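J.: One structure follows; several queries about it will come next.
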Amino acid sequence: MEWDAPAIILDLRPHGEGDAVATVMTEEHGAHRGLARGAQSRTKSAMWQKGNLVQVRWVGRLSGQLGSFSAELVHPSAATVMDDALLLAMLTSSCAIADGALIEREPQPAVFDGLLHLLARLPSGHQMMADLIRWELTLLAALGFGLDLSVCAATGETEDLRLVSPRTGRAVSEAAAGIWRDRLLPLPAFLRQTNEANEANEANEANEASVQDWVDGLRLTGHFLERDAFGAHHRPLPQARRALSDRVEALALDERETGVHE
């Protein structure tokens, strides 16, 4: 049994002196594990970094076996963000989420495509945080835990959607929130949908998102990732994802104290 495909490296765990058990994600094969021989060696360690795009070949005697990987580097995503702590945190968080939430060997083409584009564009800057949050929503939807942010759950209206029910994952308008407002999750501006919105407008809103919008977006997706994607399997939210939230919340606090915008 064997296959060959472009893949994103999600995780790498040492195995013996120089080998590692790698988890990669491909469009057709989903999250897939295999033994990467020599992955910890001086000549190959740079290639086997989380977030890197590689052309990988998997070989196994039987389809259910661990099998082994060989690979060639296509794009060194990790190296492009190594000097920026926030971008590196975004890369490690997205890989950890995909590695922990996806069912092994179950194809998730929308999740793969979204992560591929996110990692390729990370060097564009911190504004890619909005795209990361959108990708987390895509992952939740692919796993069957999609949020409905298009209309108010209480009124059916599409205007003034500013909150989300932490129980149902449905949007709520400011007017309909009432006494329950403090129990609802903020819906950041770049995720609000209107009937007139199009892709160009959404892209502009993402670029204009504030650090507080990022905080609200990460809290929103983090709540449902923790409760549904990971909680359903009795696993905690990955530490890399918690670290990203903590870093962004620290940026927001610093911004409020200094008045300096990101």
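J.: Report the FRET efficiency, 1/(1 + (r/R0)^6), for Ala243 and Ser63, where r is their Cβ-Cβ distance and R0 is 25 Å, rounded to 0.05.
T.: Working: r = 36 Å, r/R0 = 1.44.
Step by step, r from the Cβ atoms, then E = 0.10.
J.: Under a Cβ-only charge scheme (Lys and Arg +1, Asp and Glu -1), can you give me the dipole magnitude of region 95-137 about the Cα centre, in debye to the nearest 20?
T.: So the magnitude is around 160 debye.
J.: Nearest 20 debye, what's the magnitude of the dipole of the chain about its Cα centre given +1 on Lys and Arg Cβ and -1 on Asp and Glu Cβ?
T.: Working: 24 positive and 37 negative charges, 224 e Å.
Dipole about the Cα centre, nearest 20: 1080 debye.
J.: How would you rank 78-89, 214-225, highest first, on the average number of other Cβ atoms within 10 Å across their residues?
T.: Sorting 78-89, 214-225 by mean packing, highest first, produces 214-225, 78-89.
J.: Return the FRET efficiency for the residue pair His75, Thr43: r is the Cβ-Cβ distance, R0 is 22 Å, and the value is rounded to the nearest 0.05.
T.: Numbers: r = 19 Å, r/R0 = 0.85.
Computed FRET efficiency for His75 and Thr43 comes out at 0.75.
J.: Among Trp180, Trp48, Trp135, which one shows the biggest mean-square fluctuation in a GNM of the chain, springs joining Cα atoms closer than 10 Å?
T.: Trp180
J.: If one computes the Cα centroid of region 78-111 and of region 140-189, what distance in Å separates the two points?
T.: 27 Å
J.: Taking the Cα centre of region 2-75 as origin, work out the dipole magnitude from +1 charges on Lys and Arg Cβ and -1 charges on Asp and Glu Cβ, in debye rounded to 20.
T.: Charge dipole of region 2-75: 240 debye, to the nearest 20.
J.: Among Met82, Gly51, Pro236, whose Cα sits farthest toward the positive end of the charge dipole of the chain (+1 at Cβ of Lys/Arg, -1 at Cβ of Asp/Glu, about the Cα centre)?
T.: Farthest towards the positive pole: Pro236.
J.: Note the per residue figure in Å³ for the convex hull of the C-alpha positions in region 50-145.
T.: Taking only Cα atoms, region 50-145 has a hull volume of 99 Å³ per residue.
J.: In addition: With the contact rule set at Cα under 8 Å and sequence spacing of 6 or more, what percent relative contact order holds for the chain?
T.: 15 percent
Values quoted throughout were computed directly from the atomic coordinates according to the rules given, and no laboratory measurement underlies them. Predicted model, so just to flag it, every value in this text is computed and none were measured. When we count neighbours, we look across all protein chains shown, and the Cβ atoms used for this are built from the backbone with ideal geometry, even at glycine.
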